[in-house]
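Step one of this worksheet: look at the structure below.
The values are calculated or read from the model by the stated rules, or taken from the named source; none is laboratory data. The shown structure was predicted, so the numbers you read here are calculated from the model rather than taken from an experiment. Glycine gets a Cβ as well: all are built from the backbone with ideal geometry, and neighbour counts include every protein chain shown.
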Amino acid sequence: MYRAKFRTALAALACFAGLFTPIAVQAQTWPQRAVRLLVPFGAGSATDITARLFADRLAQRWNQPVVIENRPGGDSNIAVGAFASARDDHTILYSAPNPITVNPILYDKLPYDPAQDLVPISMGSEIFIVVAAPEALKLNTLQDLVALARAQPGKLNWVATPGVVYYMFAGFVRSAGLQMSQVPYRDFTQAINDLAEGRIQVTVTSLATVRPQAETGKVKLLAVTNDQHIPARPEIQTVREAGYPDFAFGAFGGFFGWRGMPNDLRERISADIRAVGGDALIAERLGGVGIRPRTSTPAEFAAAIEEERSKVAAIAQALGKKPQ
């Protein structure tokens, strides 16, 4: 039921978001004051770093300040709830699609309507997600990991970043017929330490998270889930190249507007974001932390969200996951 509701609402947003708005806004004159950019993660996170780089360039383009407001916690529900309730035509959200694709699976009630309160404007970036193992296991590829898991059923432990990354790897484990145990962590930093010491055999997370351990030789990067190679590490195969196309995905973030956002304004802001995303300095700085700029039209962003939502929903259903 939610799936049908989401598709209908998303299609309506893509076509008619500009028909109704609580505050009259002219696309040509917006912004008329400082713009707030809400971020559901703390300062220094990959999402925060990306948002700040874009905010700096957009402020120059708009001749108005773009102020970052970090609202971490609650699986992004705190920030998204604040964004939805603000109904402010000068407040934008920068977030991963988790509030739409994952949180409706995790929670029976949300402080926002995932089908109405988040209007896709443009992607901003794609984070490289890697499958990593301790160097001590002497694995080189994803195929090596699968072979080891099949040779030692029930003996390997894994951990993945919460959200879409967790669901995608859980789905991979199931579809590949592997018997591996998922270990939950309150502090993901401890998971990386345990990986480096061999107490965890597999971790699926952002490149930035495991890069220090990989550079010291304690951790081996087996594959990247994105369709593109990591520019600095082109020798690392993609999961498609490894023979597991259903495991392919990219963790992306983007800009969302408010409910009833005028369509002409949404298109204009999207065009500005795409122009900013082509800045070579942004690409250089993001590349240094395992991220690449990835901008889009509103329709392309909406389609990518729906694709992720559909994948996660199917995996959750297969795993028997229900809202808490």
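Can you tell me which residues in the stretch 73-95 are touching a helix residue (DSSP H, G or I) at 6+ places or on another chain (Cβ under 7 Å) and closer than 30 Å to ARG186 by Cβ? The answer is ASP75, SER76, ASN77, VAL80, LEU93, TYR94, SER95. Considering the conditions (1) farther than 20 Å from GLU241 by Cα; (2) without any contact (Cβ under 8 Å) to a residue 12 or more places away in the chain, ASP117 is excluded by exactly one of them, (2).
Scanning the stretch 84-143 for residues that are in a helix (DSSP H, G or I) and outside the structural domain of THR295 (by TED's automatic domain parsing), we see that the one that is surrounded by the fewest Cβ atoms within 10 Å (Cβ to Cβ) is ALA136. None of GLY163, GLY154 is in contact (Cβ under 8 Å) with a residue 12 or more places away in the chain, of a type in the set (Gly, Ala, Ser) and touching a helix residue (DSSP H, G or I) at 6+ places or on another chain (Cβ under 8 Å) except GLY163. Considered as a group, the residues in the stretch 253-265 that are out of contact with any Lys or Arg (no Cβ under 6 Å at 6 or more places or on another chain) and not in a loop (DSSP other than H, G, I, E, B) include one that is surrounded by the most Cβ atoms within 10 Å (Cβ to Cβ), and that residue is GLY254. For ALA147, the conditions (1) surrounded by fewer than 20 Cβ atoms within 10 Å (Cβ to Cβ); (2) in contact with a strand residue (DSSP E or B) (Cβ under 8 Å, 6 or more places away or on another chain); (3) not aromatic (Phe, Trp, Tyr) are fulfilled apart from (2). The numbered conditions (1) among the polar types (S, T, N, Q); (2) within 22 Å of ALA34 (Cβ to Cβ); (3) touching a strand residue (DSSP E or B) at 6+ places or on another chain (Cβ under 7 Å) are all true for SER76 except (2).
Of the residues screened, ARG268 is not one that is surrounded by fewer than 18 Cβ atoms within 10 Å (Cβ to Cβ), in contact (Cβ under 8 Å) with a residue 40 or more places away in the chain and under 24 Å from GLY320 (Cβ atoms).
Considering the conditions (1) within 22 Å of ASP56 (Cα to Cα); (2) among the aliphatic types (A, V, I, L, M); (3) in contact with a Gly (Cβ under 7 Å, 6 or more places away or on another chain), ALA283 is excluded by exactly one of them, (3). Within the option set VAL239, VAL219, being assigned by TED's automatic domain parsing to the domain that holds ALA176 and modelled with pLDDT of 95 or more holds for one residue only, VAL219.
Among the helices (runs of 4 or more DSSP H) lying completely within the stretch 149-224, list those that include at least 2 residues that are under 17 Å from the mean Cα position of the chain (by Cα) and either acidic (Asp, Glu) or within 22 Å of ILE236 (Cα to Cα) (or both). Don't jump to the end; show me each part of the working.
On the way: elements: 164-175, 188-196, 207-215.
So the answer is 164-175, 207-215.
Of all residue pairs spaced 6 or more apart or on separate chains, those with beta-carbon atoms under 6 Å, a first member in the stretch 204-232 that is in contact (Cβ under 8 Å) with a residue 24 or more places away in the chain and a second member that is of a type in the set (Ser, Thr, Tyr) and part of a strand (DSSP E or B) are VAL224/THR238.
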